[in-house]
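Participant: Structure in structure tokens, see below.
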Amino acid sequence: MIDVSELPRRRFGLRLRLLVLVALSLSPIFILAGIQTWIDVGEERENLELELVATARLLAHDQEVLLRSSADIMRVLSGVPAVANLTSDCPAVMRLLPAQNRAYTNFAIMGLDGRTLCSGIPVTDTLNVSNREWFQQVIAEERFVIGRSQIGVVTGESVITAAVPFYQNGELAGAMITGIRVSVIQQLGIDEDDRSGLIAGIVDSAGQVVTERRELSVDIISPQHLRAAAEGEVHVFERENPRSGRRILALASLIEDDVFVLLSAPRPSFLSWRSISVWGTIVLPLLMWAIALIAIWIAADFLVLRWVSYLTRIARLYGHGRYDVVPMRAQNAPRELRELADSFQWMAERIAERDEELTDAVEHQQILIREVHHRVKNNLQIITSLLNLQLGNVKEEQAVRALKEAQSRINALAMVHRNLYEAEDLRYIVIAPFFSELCRLTHQAGPGEDGGIKLDFQTNLGDEVISTDQAVPLAMFVTEAMTNAYKHAFNDLKDGHTLTVSVNAVERDGKTWIEAAIADNGPGFDMSAPRRRGVGSSLFEAFAMQLDGESEVVSAPGEGMRISLVFPYEQDDPAE
């Protein structure tokens, strides 16, 4: 019978499947929330670009004022007598303004040959700027010039050089220069506490980006972007940043397109919390989703699963034959499950009625079968008695021997039928007592103990059983082998003869087999010598074929003979 508990179970139960279905049915809420977030991100990106443009314009204005004011400051300094005449007080005058305004690193006057004429901070005599592009430009064009960014010779900081022509007595005598700190320029107009991620930088005419903020991670601005910014509008573009992700950049021109201001901000992403309305986009849909799943969980357990579990227990009781159990609690279940419980009860009643009918039919059949076995046994005993009567009228020794052999075979069959109608289970016979009695009766029908032959019966099967289909040919084999031994092995009628009959379980190739062997200590014979094939040999082979086994005869002169039959043991459980 199949055990339902051993059947493979599905991995997912009803509750989990309902949760998955509800979760999928509510998924459009998150899809709509994602679409709304996408729209919000797009709007924020547009707003950020507008904000960057406005901030860049403001920043450019502030930085341009700083740069142009440096030109005015240098022109004012050029009018100071100590500076104009390059007196010994000139360095002291040059040091005054950097001490009061940290935007400037130093002021100096360079001659037409590029060498230093006056400097607020002492410099080496070898310093010569005649080969600098900005110096050549200011000498040639006699105008305010902004040079490329560089590391200041005096301070070692990133600076932008601003230069104006320097005149003495109305003639060009060189150039006055100052270094403006890049760190001051790039922070103009940006709040230090601004957490929006704005980063400012300075871009010179060659596109070189100068900034003290490493997060910007932009080294060169392409000429294409510089030309776009030089046209007068703030140029906005995007660039991938390996450190801080993709960023939006705004580029604005300062003075005569010699210097540009660069402003950078993080590009809003789809997963940016800044881009998402946390309550409306995430919390509220997630709360609705969670409430729906909790409701499904409780409803599935209260309305369905607990009743299914109850009916499962009822069904298991029915499976164990408890058909009198009535599912009373199911009367409080939902209508569909209540109808299912009623169907279970109706089915149990029908099964109980059918079991009772089948039990009565089986008992009746067993009575009939026992009666059949009993009558067969009686008929066989009548035949045995008739043969016994016939033996009294037969004088020929060969005929007497043939009738006794037939009588032994019939007794073996009668004994099988007797054991069957006496057994509780008509399908099986207990091996040990059956063959012990069979050997005893066969021995008594033969010479017996009075004939000087001792019977030794051996078995290791205990209470093991054998089916009737195997018991009949095996009993016939044992009877025939014992009769054959009495007939051929013990003709001298001397004492000390022993006939050993064994029915044992043996292991062969990992399987259990039954071996029935009949051995005598008679004279034996030479197996290699030619001999006539008798009825017994044919019967032994026939019995072996019926049992799907093998028979074997082993003998040697003076060592007796051994006849064996081995066949696979079908270990059926009589309780099934």
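Participant: Can you find a residue in the stretch 375-390 that is open to solvent by less than 50 Å² (accessible area, probe 1.4 Å), in contact with a strand residue (DSSP E or B) (Cβ under 8 Å, 6 or more places away or on another chain) and modelled with pLDDT under 80?
Facilitator: There is no residue in the stretch 375-390 that is open to solvent by less than 50 Å² (accessible area, probe 1.4 Å), in contact with a strand residue (DSSP E or B) (Cβ under 8 Å, 6 or more places away or on another chain) and modelled with pLDDT under 80.
Participant: Out of contact with any helix residue (DSSP H, G or I) (no Cβ under 7 Å at 6 or more places or on another chain) and in contact (Cβ under 8 Å) with a residue 40 or more places away in the chain: does that describe Asn460? Before the answer, list the steps.
Facilitator: Working: out of contact with any helix residue (DSSP H, G or I) (no Cβ under 7 Å at 6 or more places or on another chain): yes; in contact (Cβ under 8 Å) with a residue 40 or more places away in the chain: yes.
So Asn460 passes the test.
Participant: Quick check on Ala82: is it open to solvent by less than 30 Å² (accessible area, probe 1.4 Å) and touching a residue at least 24 places away in the same chain (Cβ under 8 Å)? It would help to see each step written out before you state the result.
Facilitator: Details: open to solvent by less than 30 Å² (accessible area, probe 1.4 Å): yes; touching a residue at least 24 places away in the same chain (Cβ under 8 Å): no.
For Ala82, the condition - open to solvent by less than 30 Å² (accessible area, probe 1.4 Å) and touching a residue at least 24 places away in the same chain (Cβ under 8 Å) - is not met.
Participant: Provide a single number: the residues in the stretch 61-90 that are more than 16 Å from Ala162 (Cα to Cα) and touching a strand residue (DSSP E or B) at 6+ places or on another chain (Cβ under 6 Å).
Facilitator: 2
Participant: Counting just the residues of the stretch 451-504 that are open to solvent by 20 Å² or more (accessible area, probe 1.4 Å), part of a helix (DSSP H, G or I) and farther than 23 Å from Val554 by Cα, which one comes out modelled with the lowest pLDDT?
Facilitator: Gly451
Participant: Quick one: is Ala412 within 30 Å of Gln444 (Cα to Cα) and of a type in the set (Gly, Ala, Ser)?
Facilitator: On the way: within 30 Å of Gln444 (Cα to Cα): yes; of a type in the set (Gly, Ala, Ser): yes.
Yes, satisfied.
Participant: Moving to a separate point now. Filter the stretch 98-127 down to residues that are out of contact with any Ser or Thr (no Cβ under 7 Å at 6 or more places or on another chain) and open to solvent by 20 Å² or more (accessible area, probe 1.4 Å), then give me how many there are. Steps first, answer last, please.
Facilitator: Going residue by residue through the stretch 98-127, those that are out of contact with any Ser or Thr (no Cβ under 7 Å at 6 or more places or on another chain) are 99-103, 109, 111-112, 115-122, 124-126.
Subset that is open to solvent by 20 Å² or more (accessible area, probe 1.4 Å): 99-102, 112, 115-117, 121-122, 124-126.
Total meeting the criteria: 13.
Participant: In the stretch 87-97, what count of residues is obtained for those that are out of contact with any Gly (no Cβ under 6 Å at 6 or more places or on another chain) and either among the basic types (Lys, Arg) or surrounded by fewer than 17 Cβ atoms within 10 Å (Cβ to Cβ) (or both)?
Facilitator: Residues flagged as out of contact with any Gly (no Cβ under 6 Å at 6 or more places or on another chain) and either among the basic types (Lys, Arg) or surrounded by fewer than 17 Cβ atoms within 10 Å (Cβ to Cβ) (or both) within the stretch 87-97 amount to 5.
Participant: Let me ask something else. Read through the list (1) among the charged types (D, E, K, R); (2) touching a Ser or Thr at 6+ places or on another chain (Cβ under 8 Å); (3) at pLDDT 75 or above, then give the number of the only condition that Asp40 fails.
Facilitator: (3)
Participant: Among the candidates Ala333, Ala341, which residue alone is under 30 Å from Val20 (Cα atoms) and at pLDDT below 85? Outline the logic, then answer.
Facilitator: Details: Ala341 fails: at pLDDT below 85.
Unique residue meeting the criteria: Ala333.
Participant: Taking only the stretch 302-336 into account, find how many residues are open to solvent by 40 Å² or more (accessible area, probe 1.4 Å), free of Cβ contacts under 8 Å to residues at least 60 places away in the same chain and either in a helix (DSSP H, G or I) or basic (Lys, Arg) (or both).
Facilitator: Qualifying residue count, the stretch 302-336: 15.
Participant: Only one residue in Glu515, Glu507 is among the charged types (D, E, K, R), open to solvent by less than 80 Å² (accessible area, probe 1.4 Å), modelled with pLDDT of 85 or more and part of a strand (DSSP E or B). Which one? Write out each step before concluding.
Facilitator: Details: Glu507 fails: open to solvent by less than 80 Å² (accessible area, probe 1.4 Å).
Within the list Glu515, Glu507, the selection yields Glu515.
Participant: Still on this model: I need every pair where a residue in the stretch 228-245 that is on the phi < 0 side of the Ramachandran plot and part of a loop (DSSP other than H, G, I, E, B) has its Cβ under 8 Å from the Cβ of a residue that is at pLDDT below 75 and acidic (Asp, Glu), sequence separation at least 6 or different chains.
Facilitator: Pairs that qualify, where the first residue is on the phi < 0 side of the Ramachandran plot and part of a loop (DSSP other than H, G, I, E, B) and the partner is at pLDDT below 75 and acidic (Asp, Glu), are Arg243/Glu215; Ser244/Glu215.
Participant: Answer with yes or no whether Pro98 is under 13 Å from Ile180 (Cα atoms) and part of a helix (DSSP H, G or I). Break it down into steps so the answer makes sense when it comes.
Facilitator: Working: under 13 Å from Ile180 (Cα atoms): yes; part of a helix (DSSP H, G or I): yes.
For Pro98, the condition - under 13 Å from Ile180 (Cα atoms) and part of a helix (DSSP H, G or I) - is met.
Participant: Shifting gears a bit: Modelled with pLDDT of 85 or more and surrounded by fewer than 17 Cβ atoms within 10 Å (Cβ to Cβ), is that true of Glu157?
Facilitator: Working: modelled with pLDDT of 85 or more: no; surrounded by fewer than 17 Cβ atoms within 10 Å (Cβ to Cβ): yes.
No, not satisfied.
Condition check ((1) open to solvent by 90 Å² or more (accessible area, probe 1.4 Å); (2) in contact with a Leu (Cβ under 9 Å, 6 or more places away or on another chain); (3) acidic (Asp, Glu); (4) part of a helix (DSSP H, G or I)) across all residues:
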position	(1), (2), (3), (4)
Arg338	no, no, no, yes
Gln345	no, no, no, yes
Ile351	no, no, no, yes
Arg354	yes, no, no, yes
Val362	no, no, no, yes
Glu371	no, no, yes, yes
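Participant: I'd like to know if the stretch 129-144 contains one or more residues that are within 22 Å of His61 (Cβ to Cβ) and either modelled with pLDDT under 90 or over 60 Å from the mean Cα position of the chain (by Cα) (or both).
Facilitator: Going through the stretch 129-144, the residues within 22 Å of His61 (Cβ to Cβ) turn out to be 143-144.
Add one more test, that the residue is either modelled with pLDDT under 90 or over 60 Å from the mean Cα position of the chain (by Cα) (or both), and what stays is 143-144.
Checked the stretch 129-144: at least one residue is within 22 Å of His61 (Cβ to Cβ) and either modelled with pLDDT under 90 or over 60 Å from the mean Cα position of the chain (by Cα) (or both).
Participant: Which of the residues belonging to the stretch 416-435 are assigned to a helix (DSSP H, G or I), open to solvent by 50 Å² or more (accessible area, probe 1.4 Å) and at pLDDT 75 or above?
Facilitator: Pro433
Participant: For Gly448, indicate whether it is open to solvent by less than 50 Å² (accessible area, probe 1.4 Å), at pLDDT 75 or above and on the phi > 0 side of the Ramachandran plot. Talk me through it step by step, then tell me what you get.
Facilitator: Details: open to solvent by less than 50 Å² (accessible area, probe 1.4 Å): yes; at pLDDT 75 or above: no; on the phi > 0 side of the Ramachandran plot: yes.
Considered against the rule, which asks whether it is open to solvent by less than 50 Å² (accessible area, probe 1.4 Å), at pLDDT 75 or above and on the phi > 0 side of the Ramachandran plot, Gly448 comes out as no.
Participant: Given the residues Val138, Val145, which is the only one that is without any contact (Cβ under 8 Å) to a residue 40 or more places away in the chain and within 17 Å of Ala175 (Cβ to Cβ)? First the steps, then the outcome.
Facilitator: Details: Val145 fails: without any contact (Cβ under 8 Å) to a residue 40 or more places away in the chain.
Just one listed residue meets the conditions, Val138.
Participant: Return the residues of the stretch 394-414 that are part of a helix (DSSP H, G or I) and either charged (D, E, K, R) or modelled with pLDDT of 80 or more (or both); say none if nothing qualifies.
Facilitator: Residues satisfying the conditions are Glu397, Ala399, Arg401, Lys404, Glu405, Arg409.
Participant: Separate question: For the stretch 223-241, which positions are open to solvent by less than 60 Å² (accessible area, probe 1.4 Å) and over 12 Å from Phe260 (Cβ atoms)?
Facilitator: Taking the stretch 223-241 first, the residues open to solvent by less than 60 Å² (accessible area, probe 1.4 Å) are 225-226, 228-230, 234-237, 241.
Residues satisfying the conditions are Val236, Phe237, Asn241.
The values are calculated or read from the model by the stated rules, or taken from the named source; none is laboratory data. Please read all numbers here as calculations on a predicted model, not as lab measurements. Please note: Cβ atoms are built from the backbone with ideal geometry, for glycine as well, and neighbour counts cover all protein chains shown. These area figures cover heavy atoms from the full protein model, side chains too; ligands, DNA and RNA do not enter into them. Shrake-Rupley method; radii C 1.70, N 1.55, O 1.52, S 1.80 Å.
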